[in-house]
Amino acid sequence: NAGVTQTPKFQVLKTGQSMTLQCAQDMNHEYMSWYRQDPGMGLRLIHYSVGAGITDQGEVPNGYNVSRSTTEDFPLRLLSAAPSQTSVYFCASRRGRASPKNIQYFGAGTRLSVL
Amino acid sequence: AQSVTQLDSQVPVFEEAPVELRCNYSSSVSVYLFWYVQYPNQGLQLLLKYLSGSTLVKSINGFEAEFNKSQTSFHLRKPSVHISDTAEYFCAVSEWSRGSTLGRLYFGRGTQLTVWP
């Protein structure tokens, strides 16, 4: 059971480049989310999804796009990377659409540097 | 809006000493409370949670946390720490109320616990 898998683990981009961070889970979880982690800031929610075809913004969505075509996958797209997007990105999933009791499971993270 | 405050960004302690990591939250509705731990270069994993019932909850590796509704706190404690407890600890809160909310998780800024030999 792989849980939540993120690829790549590391990435270096130049300003203005685009890329997609991949996230896949094999637990059939409805709820998936993307966070960014910056020193001293904790985790901040970028986007989330409660099921295939349904996505919504979190607290820091600017500069990021998401889509959810399947239950398993929830990719995060940077359309035009900026140095301010240098961060560690975590994908997480949780059973249930609106189940605040349930545990979130996290991937190992993607470390992104934008030069 | 929900907010979670971890009062200490760094806590250095010696091995076998007791430790307390503090967490306070603000919310006008009912909450579920979590502590997550992040070891170096890894993702977050659940340490313990409070959903309902007994206000004292415990983890399998000796940590415990107590929900105090009047003080809106959920402090994490361990009576004797090990070097392997060195990690960053995040307090998180999820709100719930009838007919609303998707149970979004709000995180504190984290406390780096460093255990010295």
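The values are calculated or read from the model by the stated rules, or taken from the named source; none is laboratory data. Here the structure is a predicted model, which is why all the values come from computation and not from measurement. All Cβ positions, even for glycine, are placed from backbone atoms using ideal geometry, and neighbour counts span all protein chains on display. Please note that ligands, DNA and RNA were not included when accessible areas were found on the heavy atoms of the full protein model with its side chains. Shrake-Rupley method; radii C 1.70, N 1.55, O 1.52, S 1.80 Å.
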Output for region A:46-65, where each listed residue is hydrophobic (A, V, I, L, M, F, W, C), more than 8 Å from chain B (Cβ to nearest Cβ) and open to solvent by less than 60 Å² (accessible area, probe 1.4 Å): A:46, A:52, A:60
Within region B:105-116, tally of residues that are open to solvent by 50 Å² or more (accessible area, probe 1.4 Å) and either at pLDDT 95 or above or in contact with a Leu (Cβ under 7 Å, 6 or more places away or on another chain) (or both): 2
Selection status of residue A:105, within 11 Å of chain B (Cβ to nearest Cβ) and either open to solvent by 70 Å² or more (accessible area, probe 1.4 Å) or out of contact with any Asp or Glu (no Cβ under 8 Å at 6 or more places or on another chain) (or both): yes
Residue, surrounded by the most Cβ atoms within 10 Å (Cβ to Cβ), within region A:4-45, restricted to residues that are free of Cβ contacts under 8 Å to residues at least 40 places away in the same chain and either more than 9 Å from chain B (Cβ to nearest Cβ) or not hydrophobic (A, V, I, L, M, F, W, C) (or both): A:42
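At least 3 residues that are open to solvent by 40 Å² or more (accessible area, probe 1.4 Å) and more than 14 Å from every other protein chain (Cβ to nearest Cβ) in each: list the strands (runs of 3 or more DSSP E) lying fully within region B:24-104 that qualify.
Result: B:64-68.
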Identity of the residue in region A:1-46, in a strand (DSSP E or B) and of a type in the set (Gly, Ala, Ser), that ends up farthest from the chain's Cα centre (by Cα): A:42
Strands (runs of 3 or more DSSP E) lying entirely in region A:56-115 (those with 1 or more residues that are modelled with pLDDT of 95 or more and polar (S, T, N, Q)): A:64-66, A:87-94, A:110-114
